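In what follows, a single structure is set out as structure tokens and then discussed.
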Amino acid sequence: GEDVEQSLFLSVREGDSSVINCTYTDSSSTYLYWYKQEPGAGLQLLTYIFSNMDMKQDQRLTVLLNKKDKHLSLRIADTQTGDSAIYFCVVAPGGSYIPTFGRGTSLIVHP
Amino acid sequence: NAGVTQTPKFRVLKTGQSMTLLCAQDMNHEYMYWYRQDPGMGLRLIHYSVGEGTTAKGEVPDGYNVSRLKKQNFLLGLESAAPSQTSVYFCASSLTTDTQYFGPGTRLTVL
């Protein structure tokens with residue numbers, strides 16, 4: 001089955017850019033998502049990209065997809081303390097009901 | 001529009017007790033899911049449903065049962081709780097095989 005890997009922790013200074021990386025194994029993955037989980041809360045969709053795209057930009061967020069290397073990244077520009085959360089990389093093959101979640105990257109933003 | 005709600009928010013059980021977690025969604029979504037989240041493990045799928053009256057096993061179904069008698073509700077049951085079932089449980093729903101909407105979670109402790 002699908003395997004999704006991401007580093008567990010990332011620490012950045014406020015105002016810097018954050019880059020969270022994710023690798024996956026199933027080349028048929030069609031939908032690729034980033035979810036954000038704030039402390040004590042459920043997950044919320046942050047952004048997504050389809051497999052026929054290389055890049056998607058949404059305000060401070062940039063998602064890059066390298067299909068050849070099966071690598072997905074999320075860049076947060078001008079990182080703020082409010083961005084401190086766990087970020088999950090989620091991939092799903094086309095037509096599958098079952099997405100696969102990475103373990104989540106805890107982003108810590110310090111002044 | 002409440003989205004996805006979960007009842008209860010917190011629960012403490014003794015080993016061997018039973019309980020039911022309720023998930024409700026008001027978005028007319030076909031697909032509903034139950035996950036558990038443990039530290040460093042990401043989210044693991046327990047059971048899911050692709051429509052009213054249907055259920056299927058996920059990655060970690062042992063010790064849990066589910067029912068989807070009404071489209072808007074998805075119930076997760078623990079027949080005989082064990083300490084290994086101490087976790088945070090999240091329900092999610094989706095219209096099709098795309099974005100999932102998550103509930104706020106239920107924190108369960110089994111003593």
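Bear in mind these aren't lab numbers, they're just calculated from the coordinates by the rules spelled out. Quick caveat, the model's predicted, so the values are computed rather than measured. Note: ideal-geometry Cβ built from the backbone for every residue, glycine included; neighbour counts use all protein chains shown.
Worth pointing out:
- Distance in nm between pseudo-label sites at A:Asn66 and A:Glu38 (7 Å out along the Cβ direction from Cα): 3.3
- Ellipsoid semi-axes for chain A, based on the Cα gyration tensor and the rule √(5λ), read 23, 15, 12 Å when sorted largest first.
- Pair-distance profile P(r), taking every C-alpha pair of the range B:6-84, with 5 angstrom steps and integer %: 3, 14, 25, 26, 20, 9, 3, 0
- For the peptides B:99-106, A:48-55, the ranking by packing is B:99-106, A:48-55, with the highest mean count of neighbouring Cβ atoms within 10 Å listed first.
- Eigenvalues of the alpha-carbon gyration tensor of the range A:72-111, scaled by 5 and square-rooted, set the equivalent ellipsoid semi-axes at 27, 10, 7 angstrom, largest first.
- When the pairs B:Lys9/B:Lys70; A:Lys36/A:Lys56; A:Lys36/A:Lys70; A:Lys56/B:Lys9 are compared against a 28 Å limit on Cα-Cα distance, A:Lys56/B:Lys9 fall above it.
- With a 10 Å cut-off around each Cβ of B:37-44, the average count of Cβ atoms from other chains is 5.
- Solution diffusion estimate, µm²/s, Stokes-Einstein, the protein assembly as shown, Kirkwood Rh from C-alpha pairs, 25 °C, viscosity 0.890 mPa s: 136
- Remark: relative contact order (the range B:24-111) = 30 percent; criterion is Cα-Cα distance under 8 angstrom and separation of 6 or more residues.
- Per-residue average of Cβ from other chains inside 10 Å of A:42-48: 5
- Normalised contact order of chain A, rounded percent, pairs of Cα under 8 Å and 6 or more residues apart: 38
- Spin-label pair B:Asn28/A:Gln80, simplified geometry with 7 Å Cα→Cβ offset, distance in nm: 3.5
- In this simple spin-label approximation, B:Asn65 and A:Met53 carry label points 7 Å from Cα along the Cα→Cβ vector, and these lie 4.3 nm apart.
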